[in-house]
1. Rank these by accessible area, largest first, 1.4 Å probe: 332, 80, 228.
2. In the neighborhood of residue 322, defined by Cβ-to-Cβ distances under 11 Å, what is the net charge if each Lys or Arg adds +1 and each Asp or Glu adds -1?
3. Taking the Cα atoms of region 234-321, what is the range of coordinates along each of the three principal axes, in descending order and whole Å?
4. Please give the per residue accessible area of region 326-458, computed with a probe of 1.4 Å over protein heavy atoms only, in Å².
5. Please work out, to two decimal places, the log10 of the ratio I(q)/I(0) at q = 0.12, 0.13, 0.15, 0.17 Å⁻¹ from a Debye calculation in which every Cα of region 302-446 carries one identical scatterer.
6. Using a cut-off of 13 Å between beta-carbons, work out the net charge of the residues near residue 136 (Lys and Arg +1, Asp and Glu -1, residue 136 not included).
7. Roughly how many Å² is the accessible area per residue of region 488-565, as a whole number, for a 1.4 Å probe?
8. Give the carbon-plus-sulfur fraction of the accessible surface of region 37-172 in %, rounded to a whole number; probe 1.4 Å, heavy atoms of protein chains only.
Amino acid sequence: MKPQRHDRLSRIFAKRRGTEGNDAPENTKKTAENDAGRGANGKNGRWNLKNLYPGLRSRALKNDQAFVEEKLAAFLDAYEDVDVNDMPGAELAEALAAYEVINNRKTKIYAYGELLISDNAANFEKIKPLQSWVGGIDGQLEEFLDQLADMSEEKLLFKLGAPAMSKYAPWLAQLRGGAPARELSADIQTLSGVFDSVHTEGLSAYYQKHVIALEEKVAAVEKDTPAETRQAQADLMKQHSKRFATVLSTVIKTQDIDREWLGHDRHDQNFLDRNKLDADTADMLRETVKKSYISLSHRYYKWLADQHGVDVLPSSRLSDPVPGQTELEDLEYPWEQAEPEILSAFRKFSPKFANIAKEYFEGGYIDAAPHKGKAASDFTLPTGPDGHPYILTNFNEDIISLVVLAHELGHGIHMVLAEEAQGGLLSDTPETMAEIASVFSEMLMFDYLRGKTKDPDVERKLLQHQIEGLLESGMLQMAYFDFEKRVYESAQTGAPDAEEISDIWVDVLQEYYGPSVEIDDYQRYSWCMVPHFFEPPSFYVFSYSFAQGMANSLYKLYQETDDKPQFIEDYTNLLKAGMSADLKELLQPLGLDHTSQEFWTKGLELIEDYLNILESGTPSAIPTSAPSIADILGTTVPGLADKKNLDNSARGGDNNKKSFRFRP
């Protein structure tokens with residue numbers, strides 16, 4: 001059985017939904033590649049891709065392609081006719097080192113092409129030859145990777161005894177993630193590869209085609225009133241839901257076939273294996289979060305309904321501004337202020353983090369200025385140890401854009417630290433760890449912004465936005481995971497139809513929002529438009545909840561510790577580690593254990609802290625009747641007994657830091 005491979009680049013671009021089509025005007029198309037090279041120091045909000053290569057026809061790019069081809073030829077000459085099963089451990093370590101050299105430079109070349117497309121969709125045709133070249137290199141290395149993936153556990157363990165092999169053990173474990181619980185015949189493995197191809201290329205392409213068409217139709221609906229428009233949109237989604245139910249059932253069936261071949265009892269076992277998570281921890285986190293709904297999400301949405309003057313808030317009004325409250329989009333932050341503001345926020349935590357972030361600004365590694373043809377989604381892209389990561393964002397000169405940029409710089413700092421410490425192969429992180437540094441950086445930025453503002457209304461809006469983000473990323477995503485689990489279970493007794501799926505969807509949403517929110521028909525059929533449910537890897541949404549909870553717990557520890565320098569050192573080492581150690585090892589210096597409920601409770605307490613502050617700072621505040629996290633989970637919550645002290649310190653101080661999470 002060939003496991004699915006999900007490296008950083010494929011993950012980023014699989015999850016990114018960028019600009020489609022060549023909508024740039026003609027004069028933009030002619031200069032698209034050249035424009036990507038402007039902004040030599042990034043001061044104008046444009047990146048400088050010439051840091052990678054001067055152009056597609058440049059000597060530097062041709063030289064790097066020649067370098068890869070030369071190293072690949074030597075690699076194939078040495079290993080093409082050799083079965084890795086027969087290699088001594090020391091020789092296999094040499095082969096892996098040679099593979100890493102090839103992969104590092106190929107990554108830089110591949111990233112250059114993807115960045116050109118992201119800069120302007122008009123470059124798509126231009127980089128096709130480069131993409132084809134990269135695909136050819138990958139194709140020639142595929143057999144080597146397949147042999148590593150298919151090697152028996154017994155033989156691999158013997159080879160790992162060689163001293164030079166030990167460092168590659170975590171990378172090999174990820175490569176082999178989802179390995180079968182029993183040996184499979186070559187015919188079954190081949191058939192599995194066919195199923196994977198149909199699943200990833202056929203079903204995903206079919207879904208994308210039809211969901212984009214549905215989104216366009218829904219957006220075009222216009223009636224006399226907003227309520228009539230929303231109902232007409234819901235009717236349209238219901239009309240198409242049967243097709244999406246068939247797609248989802250087919251996705252489930254293909255993965256069930258793989259699961260049965262692999263010998264897995266759980267539907268999410270492949271995801272757990274890829275991320276080196278044990279089932280007991282995943283189940284414990286799921287139940288811990290769900291138990292906390294009543295104390296956190298129910299409590300927040302009751303507060304929100306109260307602010308709107310109603311007992312039950314229609315789901316159509318969840319995004320409506322609170323009456324009389326400042327909107328964050330109205331708070332202007334010109335691009336010229338972004339660098340000093342973000343660096344000041346990071347420097348308060350660690351000068352090292354600020355210096356790494358400064359290089360992104362000064363070196364031309366950020367593209368922030370919106371322009372025609374540019375990708376719509378924000379991302380940070382590694383270019384491998386032979387290059388420097390790049391950040392794409394659409395900076396709209398408001399406070400939300402500032403925090404989104406801080407989020408992406410968190411990714412960027414993580415990548416720089418890990419690549420410097422671990423090199424190419426081992427600098428990658430599991431899906432569950434990939435968002436920790438970015439979310440933590442948002443929290444630092446939020447702290448800084450709250451500490452600066454003198455306007456209680458702005459502070460309250462910042463806090464509200466933060467809480468919504470924490471709930472949506474940490475808890476609503478767990479509800480999405482719960483939905484997937486329930487639908488997969490339902491499919492074991494026959495393919496569920498659209499209404500059955502919608503019933504499950506409404507159940508998990510109502511459990512999350514609680515009695516203060518009314519789920520309408522639009523929400524009932526909105527599962528059709530969540531790409532994660534239809535595209536591999538399934539259960540990916542668990543990663544968001546896991547990472548948010550992890551970052552929350554780490555930040556809570558940072559607030560509480562008296563030895564902040566030691567925490568910063570341990571946290572920096574965690575980011576440097578990449579995949580070189582498992583999560584349990586990485587958390588040991590911090591005195592944390594992610595397999596315990598106490599660890600995750602700490603992160604939930606952080607949200608509870610913010611809710612206490614939000615409610616106490618709201619005009620005509622309504623006291624909560626919700627049970628506390630301590631009541632629900634049986635823990636002691638430090639610092640919450642003295643409510644007066646919490647209220648008085650709401651504006652700052654190390655023990656009352658707050659976080660900001662932009663909506664996913």
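The values are calculated or read from the model by the stated rules, or taken from the named source; none is laboratory data. In this text, all values refer to a predicted model and were calculated from it rather than measured experimentally. Using ideal geometry, Cβ is built from the backbone for each residue, glycine included, and neighbour counts are taken over all protein chains shown. All accessible areas refer to the heavy atoms of the entire protein, side chains included, with ligands and DNA or RNA removed. Shrake-Rupley method; radii C 1.70, N 1.55, O 1.52, S 1.80 Å.
1. 332, 80, 228
2. Local charge sum for residue 322: -1.
3. On the principal axes, region 234-321 reaches 55, 37, 17 Å in Cα extent.
4. 30
5. Debye intensities relative to I(0), on a log10 scale: -0.59, -0.67, -0.82, -0.97.
6. -1
7. Accessible area per residue, region 488-565: 32 Å².
8. Percent of accessible area from carbon and sulfur atoms in region 37-172: 51.
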